[in-house]
Amino acid sequence: MDELLQSLLSAVTGTFSSADIQLVERAYNFAFKAHTNQTRLNGMPFITHSVGTAELLAQWKLPPLLVVAGLLHDVPEDTPLTISDIEKEFGKEIANIVEGETKLDHLKYQGVERYAENLRKMFLAIASDIRVIFVKFADRIHNLQTLEGIPEYKQQRIALESLEIYAPIANRLGMGAIRGELEDLSFKYVHPAEYAWVTSLVQDRLKYKEGYLETIKTIIEKDLKQGGIIPISIHGRTKHLYSLYKKLLEKDRDISKVYDIVAERIIVPTVQDCYATLGILHQRWKPLKGRIKDYIAQPKPNGYQSIHTTIFCDDGEIVEFQIRTPQMHEEAEYGIAAHWFYVDKGKKIVVMDHHLSWLKDLVKIQKNINDRTKFLEALESLKIDFFNNRIFVFTPNGDVIDLPEGATPVDFAYAIHTEIGNHCTSARVNDKMTQLNVPLQSGDVVKITTDKNRKGPSPDWLDSVKTNHARAKIKEAVKKTKFSGWLRELVHHRKSN
Ligand code: MN
């Protein structure tokens, strides 16, 4: 068997049913055929990217259909096969996820701020199916892992976007492992010198601490046992490089002021065990004042739970401890993905609550990031309901235009420019000729054809447009033409109905 397929299958064996494994194999063959003879910018066969993406999704313990979507995610964009081919072969649900992922790709990079603005809007638009985001994260992380050998300006663009947009979203979703990976992989390209500095700091520190932590571990194990607690694991964890870097910047680059470069993480079976463990630690060693944080009773805004305490251990060495249950651990690493992982065995997956709080968080991020841009003003008053009734469509250049649900190509044309609205003659939606009165869908790419010689808008458009803007502009233009009398009658007629 093919080595790539073998490595992917080994990532899902044991978790997936044999039917699901067959499905993954089928998707692999489909993607393999579709991407035949395609190579990536780094010279590797394209299929390595599809498999890399799918493998990440499998590592995050996401359900089979997401692993399949990962394999197929670049098929509609980069091969002659389409979404409907995928639907025929793999069903509507998988096709929808792939389609959502593909739509996110229509965004073009046009300066960081503009891109950020587009991407944030799009994330909201796609929020109707959050699973798309996981495929996007996996796609992005695999791209970051394979940046070597591609042009430098592309490396910079991808790394910067990941740092500025993807990582904050992963953080808000409580996906610590994914956030850490996005940040650390990007860090290397965005600030190479700083990256080297922080890496060497950590290596020195690790060398120094490793033996020490082993000794501490033995003492803790004994103490816990006496207290009737059997820990699931005790291990040293190194802080992610980029978050360490950010902390160092806060502390005047003074490494001795950062206590959690290496922390001892204790995972115990229950919440009660967590508190008991804290007591046992404090009985043996003295905690630092003001460094005991109970994120179990008071979780962080993104849902993070654990107890943290920093302790003067033997020989005056300062060590941070993080105490949590296995479930808290999964959630800290994988965020809402962990919920899917827990709900299985044929039960319907319910993510509504998390879905909503995720949306709320996104709106918050949006506001934070927007402080830095003028776009803030426009978004200040937005509510979630507002977004529920909006669609987001693209110009052929990748700009996002937001419109109310049911909006037509005419609304779109007027949203771009009054002249385009007044002179539009036809529309292509996703490369297909479409009537000017047919409602658009989120993610559509709309191209308007205009005719300079056209006298003005058709009064009929008033029956189908949804935006006040388009309506007002059509009326204004029509008034100027010979139809104005006729229009007044029409308007009067409509009102009296
Ligand atoms: Mn991709």
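A few remarks follow.
- Tallying residues that are closer than 11 Å to Phe321 by Cα and among the β-branched types (Val, Ile, Thr) within region 262-293 yields 5.
- Listing of strands (runs of 3 or more DSSP E) fully contained in region 394-473 that carry 2 or more residues being modelled with pLDDT under 95 and of a type in the set (Ser, Thr, Tyr): 424-429, 446-450
- Filtered residues of region 67-81 (kept if modelled with pLDDT of 90 or more and either in a helix (DSSP H, G or I) or of a type outside the set (A, V, I, L, M, F, W, C) (or both)): Val67, Val68, Ala69, Gly70, Leu71, Leu72, His73, Asp74, Val75, Pro76, Thr79, Pro80
- The set of residues from region 276-292 being without any contact (Cβ under 8 Å) to a residue 40 or more places away in the chain and surrounded by 16 or more Cβ atoms within 10 Å (Cβ to Cβ) comprises just one member, Trp285.
- Put simply, of Val268, Val258 the only residue that is within 37 Å of the chain's Cα centre (by Cα) and within 24 Å of Ala167 (Cα to Cα) is Val258.
- Scanning region 88-111 for residues that are assigned to a helix (DSSP H, G or I) and more than 20 Å from Val445 (Cα to Cα), we see that the one that is modelled with the lowest pLDDT is Glu93.
- Meets criteria (without any contact (Cβ under 8 Å) to a residue 60 or more places away in the chain, under 14 Å from Lys136 (Cα atoms) and not in a strand (DSSP E or B)) for Ser50: yes
- Complete set of residues in region 67-80 that are more than 14 Å from the ligand (Cβ to nearest atom) and more than 28 Å from Thr13 (Cβ to Cβ): Pro80
- Test for Thr53: is it of a type in the set (S, T, N, Q), within 16 Å of the ligand (Cβ to nearest atom) and modelled with pLDDT of 95 or more: yes
- Checking Asn37 against (1) polar (S, T, N, Q); (2) at positive phi; (3) within 14 Å of the ligand (Cβ to nearest atom), the condition it does not meet: (3)
The values are calculated or read from the model by the stated rules, or taken from the named source; none is laboratory data. Small disclaimer: the values here were computed from a predicted structure and weren't measured. Every residue, glycine among them, receives a Cβ derived from its backbone with ideal geometry; neighbour counts consider all protein chains shown.
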